[in-house]
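**Student:** Submitted below is the structure of interest, expressed as structure tokens.
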Amino acid sequence: MAKYNIVEKKEKTAAYRNMVSAQVMDDLEERIHHLIYTQKRFRDKKYSAKRLAEDLGTNTRYISAVVNVKFHMNYTSFVNSFRVNEAMNMLTDSRYLKMNMEDISDAVGFANRQSFYAAFYKMTGKTPRDYRQEFLRRHPEVLEAAKEKEKKEKRLAAKKARAKAREKAKEEKAKAKAKAKEKATKKKDA
């Protein structure tokens, strides 16, 4: 008598995947990629499979089937892959070095920091912060360039502020002169 009843697991395939013809699947694949990636809909936190299906004039089962078959993942993982890639670009771009993780998470479309960290770690094996720090250790010139740019921006802002102050002083002087002239005219007339 066998102690365990071990039966080979049969691979299941969702029946609705077979309902979508190859031509429709190819067409939807292209249109899904266009909307999610090219039009950057992945940045919208609320862009669901349902909204995608509505935008494409189809149903969520077809969307799910196409994403599973063509991209080998579920809808959430598919969208998150674009978000994580965008975050990776931002984390290594000197223009975004001042942005914190919460702001980057928000900019790429994650609903919260926790889901951002989880998806990022799942895809890269690192936290976003570790990813950025590792990049900056390997490329210190990026940090130096960002610091230099910040210094230039501060100098430019100070220069603009001085010019604005000079202009305001000029205006005040002109107003005072006009007021004095008006006062003198009134005194003369009286």
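The values are calculated or read from the model by the stated rules, or taken from the named source; none is laboratory data. This is a predicted model, so every value here is computed, not measured. Note that we place each Cβ from the backbone using ideal geometry, even for glycine, and neighbour counts take in every protein chain shown. Side chains included, ligands, DNA and RNA excluded: accessible areas come from the protein's heavy atoms. Shrake-Rupley method; radii C 1.70, N 1.55, O 1.52, S 1.80 Å.
**Student:** Express in whole angstrom the spacing between the alpha-carbon centres of segment 107-144 and segment 41-98.
**Tutor:** The two parts, judged by their Cα centres, are 18 Å apart.
**Student:** If you build the Cα gyration tensor of segment 20-133 and take the root of 5 times each eigenvalue, what three semi-axes come out, in whole angstrom, biggest first?
**Tutor:** On the way: eigenvalues 164, 34, 27 Å².
Ellipsoid half-lengths, sorted descending, are 29, 13, 12 Å.
**Student:** Report the accessible area of SER48, computed with a 1.4 Å probe over the heavy atoms of all protein chains in place, in Å² rounded to the nearest 10.
**Tutor:** 50
**Student:** Only Cα pairs within less than 10 Å get springs; with that Gaussian network setup on the chain, which residue of ARG137, ARG83, ARG41 has the largest fluctuation?
**Tutor:** Highest fluctuation of the listed residues: ARG137.
**Student:** Still on this model: Rank GLU29, GLU148 by accessible area, highest first, at a 1.4 Å probe radius?
**Tutor:** Working: GLU29 55, GLU148 85 Å².
Descending order: GLU148, GLU29.
**Student:** OK, next. Tell me the per residue accessible area of the chain using a 1.4 Å probe; a whole number in Å² is fine.
**Tutor:** Working: 14300 Å² over 190 residues.
Result: 75 Å² per residue.
**Student:** Sticking with this one: Could you please state how large a percent of the accessible area of the chain is carbon and sulfur, counting protein chains only and using a 1.4 Å probe?
**Tutor:** Using a 1.4 Å probe with all protein chains present, the chain comes out at 52 percent carbon and sulfur.
**Student:** Okay, moving on. Given +1 on the Cβ of Lys and Arg, -1 on the Cβ of Asp and Glu, and no further charges, what dipole in debye does the chain carry about its Cα centre, rounded to the nearest 20?
**Tutor:** On the way: 47 positive and 26 negative charges, 436 e Å.
Charge dipole of the chain: 2100 debye, to the nearest 20.
**Student:** Can you tell me, using C-alpha contacts under 8 Å and at least 6 residues apart, the relative contact order of the chain as a whole percent? Could the numbers behind the result be given before it?
**Tutor:** Numbers: 113 pairs, mean separation 29.2, N = 190.
Taking the mean separation of contacting Cα pairs over the length of the chain, I get 15 percent.
**Student:** Now for a separate question. Straight-line reach from LYS160: which lysines have a Cα under 26 Å away, not including same-chain ones fewer than 8 places off?
**Tutor:** Answer for LYS160, where 26 Å is the Cα cut-off: LYS98, LYS147, LYS149, LYS151, LYS152, LYS168, LYS170, LYS173, LYS175, LYS177, listed by chain and number.
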